[in-house]
Amino acid sequence: MSFTLPDLPYKYDALAPYMSRETLEYHHDKHHLAYVNNGNNLLKGTEWEGKSLEEVVKGSYGKNAGLFNNAGQHYNHIHFVSKTPNGENPLVHGSKPILGCDVWEHSYYIDYRNRRPDYLKAFMDHLVNWEYVAKMYDAAMK
């Protein structure tokens, strides 16, 4: 199974004024897509080819750094997971993320420059889909 870039579940300008269309276009259409494309190239011919994204992330952890980083970052970007070393995330430690905040500069620099605290406040106060978080939490607790 190859990786695919999921469509955004909202319009590019839906998060304004807290996250601009330009940021989402850059973050989703360029940055996230690069992890998808690189991951697909690195997946070819490996034992994880044809596996789910979760299986690739878990299986390549500690075994294939390039594939793991790209698959892990793709997984993180799907969940907008917080800054972790080279794609590491709760999945490789037997857990599933229920909320994440991407704090790499590419996710906020266009709108917030070097004001990470302002970005984090806007994220928590205006960007988090708390209904989705509650749904993920309920699913994780089952």
When you go through (1) in a loop (DSSP other than H, G, I, E, B); (2) open to solvent by 30 Å² or more (accessible area, probe 1.4 Å); (3) not aromatic (Phe, Trp, Tyr) one by one for HIS106, which number turns out not to apply?
(1)
Examine segment 84-95 for a residue that is among the acidic types (Asp, Glu), in contact (Cβ under 8 Å) with a residue 12 or more places away in the chain and farther than 21 Å from HIS28 by Cβ, and state whether such a residue exists.
yes
Selected residue (only one of HIS79, HIS93, HIS28, HIS106 is in contact with a His (Cβ under 7 Å, 6 or more places away or on another chain) and closer than 29 Å to ALA134 by Cβ)
HIS106
Evaluation of LEU24 against (1) in contact (Cβ under 8 Å) with a residue 60 or more places away in the chain; (2) open to solvent by less than 60 Å² (accessible area, probe 1.4 Å) (one fails), failing number:
(1)
I'd like the residue in segment 70-87 that is open to solvent by 20 Å² or more (accessible area, probe 1.4 Å) and closer than 25 Å to PRO9 by Cβ and, out of all such residues, is modelled with the lowest pLDDT.
SER82
Could you list, in sequence order, the residues of segment 109-129 that are within 17 Å of the chain's Cα centre (by Cα) and under 26 Å from SER95 (Cα atoms)?
LEU120, PHE123, MET124, LEU127, VAL128, ASN129
Kindly evaluate ILE98 against the criterion of being modelled with pLDDT under 90, aliphatic (A, V, I, L, M) and not in a helix (DSSP H, G or I).
yes
Across segment 36-67, what is the number of residues that are loosely packed, with under 15 Cβ neighbours inside 10 Å, closer than 17 Å to GLY94 by Cα and polar (S, T, N, Q)?
1
When segment 103-142 is examined, which residues are found to be in contact with a helix residue (DSSP H, G or I) (Cβ under 7 Å, 6 or more places away or on another chain), at pLDDT below 90 and of a type in the set (Phe, Trp, Tyr)?
TYR108
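The values are calculated or read from the model by the stated rules, or taken from the named source; none is laboratory data. This is a predicted model, so every value here is computed, not measured. Counting neighbours? That spans all protein chains shown, and the Cβs are built from the backbone with ideal geometry, glycine included. SASA here: full protein model, heavy atoms, side chains in, ligands and nucleic acids out. Shrake-Rupley method; radii C 1.70, N 1.55, O 1.52, S 1.80 Å.
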